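J.: For reference, the structure I am asking about is given below.
Each reported figure results from applying straightforward, stated rules to the coordinates on display, with no laboratory input. Quick caveat: nothing in here was measured; it's all calculated off a predicted structure. Cβ: placed from backbone, ideal geometry, glycine included. Neighbour counts: every protein chain shown.
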Amino acid sequence: MKALSPVVPIVVVAVALQSAGCGGAPQSEGTPTGGPTAKQSLEDLARLLDHLKNENKKMPAKLAQIEPIEPAFPGAYLGLVQGNIVYLWGAPLNPSAGHKVLAYEKDAAAEGGWVLMQDGTVKTMAPDEFRSAPKAK
């Protein structure tokens, strides 16, 4: 039987460490942190509001009213708690009001960003477009 070269075990260990994440390139600032993106939070908020509507429940007027159902809609809850999204409290989904903003990424007015329209759609808006868009009541 032929003996292995002393280099082979070193290469095997190096490959194993590289594939396990050791010694790789440093993570960039754009690497996700595990939390929901603004878009995901807004999509989850749309599902939460739709759920409340289907259950004939009142739309939430404050964060504490979302807490009982938070486990079913964690993206919406985290987005609101962390301040990444802003919801116009008490405003409902309305299929005929697709031109009105219901919730939005916190920096949408200054930088543009993701918005939840009152009809439940999520889209991006430029800052000027966001500032001039009617808001849900």
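J.: Can you flag which of Lys53/Lys137; Lys100/Lys123; Lys39/Lys100; Lys57/Lys106; Lys57/Lys123; Lys39/Lys123 are past 20 Å Cα-Cα?
T.: Lys57/Lys106; Lys57/Lys123
J.: Separate question: Using the 10 angstrom Cβ neighbour count as an exposure proxy, how do Ile69, Ile85 rank, fewest first?
T.: Arranged by neighbour count, lowest to highest, Ile69, Ile85 become Ile69, Ile85.
J.: Sticking with this structure for a sec: Provide the per-residue ³J(HN,Hα) series for the range 84-90, in order, calculated from phi with Karplus coefficients 6.51, -1.76, 1.60 and θ = phi - 60°, each as a whole number of Hz, with x at glycine and proline positions.
T.: For the range 84-90, the Karplus-derived couplings read 6, 10, 10, 10, 7, 3, x Hz, x marking Gly and Pro.
J.: Tell me which residues come under 5 Å, amide H to amide H, from Gly120 once H is placed; ignore anything under 5 positions away on its chain.
T.: Asn94
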